1. Those residues that are surrounded by fewer than 19 Cβ atoms within 10 Å (Cβ to Cβ) and in contact with a His (Cβ under 7 Å, 6 or more places away or on another chain), I need them from segment 1-54; list them, please.
2. Here are some conditions: (1) out of contact with any helix residue (DSSP H, G or I) (no Cβ under 8 Å at 6 or more places or on another chain); (2) surrounded by fewer than 17 Cβ atoms within 10 Å (Cβ to Cβ); (3) among the small types (Gly, Ala, Ser). ALA104 meets all but one. Which one does it not meet?
3. Tell me the residue from SER51, SER70 that is assigned to a loop (DSSP other than H, G, I, E, B) and without any contact (Cβ under 8 Å) to a residue 24 or more places away in the chain, please.
4. Is there any pair with a first residue in segment 75-90 that is in contact (Cβ under 8 Å) with a residue 24 or more places away in the chain and a second that is part of a helix (DSSP H, G or I) and among the small types (Gly, Ala, Ser) whose Cβ atoms are under 8 Å apart and which are 6 or more apart or on different chains, and what are they?
5. Would you check which residues across segment 57-101 are surrounded by 15 or more Cβ atoms within 10 Å (Cβ to Cβ) and of a type in the set (A, V, I, L, M) and list them?
6. Among residues belonging to segment 7-46 that are modelled with pLDDT under 95 and either among the acidic types (Asp, Glu) or not in a loop (DSSP other than H, G, I, E, B) (or both), point out the one that is farthest from the chain's Cα centre (by Cα).
Amino acid sequence: MAFLVRYTSGLVCAAVTPDIARRAGLPQMVTKNTDPKGTAYTVSVDANEPSITTGISAQDRAMTCRALASVSVHTDDFRRPGHIMPLQAREGGVRERMGHTEAAIEFCHLAGKQPVGILAELVNDGECIEGEPNIQDSGMMRRDECLEFGKRWGITVCTIQDLVAYLNEGGTGDIQ
């Protein structure tokens, strides 16, 4: 979690299925969503654990993510508001919405794991890549920067388009 926070905006999100959102008691953050990409933010949460302090530390956030991924997840497992931003994925996965929320859930299904995927957007902090400062307009890493970041840290990178192609070729992983 500390690595994730260090190289991202620090806004850690947890992609969840509609079923997990319901069982965890996670209503939508707003009744009229005007987000241009239609990202379905729910209320933010912290795990309702005695060892959670402020909720912002990497350890506290990791504990909250583990609580969201519990097979017995329940509304009483969380304090609201908190420091993890759950995002409700669409039922149809990346075939319905080509977003990182749905992609995270698809990867969980493909891996045979509980459908809760932790994500955050990589920040382009101006580090030099091939000797040149690498800051784009938005300050966020885009495709090529993400590929380079993955190479640097030994992290496999897959685009959402690659994931959709894999699923369309017979891979399984629909959101349930």
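The values are calculated or read from the model by the stated rules, or taken from the named source; none is laboratory data. All values derive from a computational prediction rather than experimental measurement. Please note: Cβ atoms are built from the backbone with ideal geometry, for glycine as well, and neighbour counts cover all protein chains shown.
1. Once the filter is applied, which keeps residues that are surrounded by fewer than 19 Cβ atoms within 10 Å (Cβ to Cβ) and in contact with a His (Cβ under 7 Å, 6 or more places away or on another chain), segment 1-54 yields only ARG23.
2. Result: ALA104 passes all but (2).
3. Values: SER70 fails: without any contact (Cβ under 8 Å) to a residue 24 or more places away in the chain.
Answer to the selection: SER51.
4. ASP77/ALA67; PHE78/ALA67; PRO86/ALA21; GLN88/ALA21; ALA89/ALA104
5. Within segment 57-101, ALA62, MET63, ALA67, LEU68, ALA69, VAL73, ILE84, MET85, LEU87, ALA89, VAL94, MET98 meet the criteria.
6. Step by step, filter segment 7-46, then rank; the result is ASP35.
Yes/no per residue for (1) of a type outside the set (D, E, K, R); (2) in contact with a helix residue (DSSP H, G or I) (Cβ under 6 Å, 6 or more places away or on another chain):
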| site | (1), (2) |
| --- | --- |
| LEU4 | yes, no |
| GLY10 | yes, no |
| VAL16 | yes, no |
| ILE20 | yes, no |
| GLY25 | yes, yes |
| GLN28 | yes, no |
| ASN33 | yes, no |
| LYS37 | no, no |
| GLY55 | yes, no |
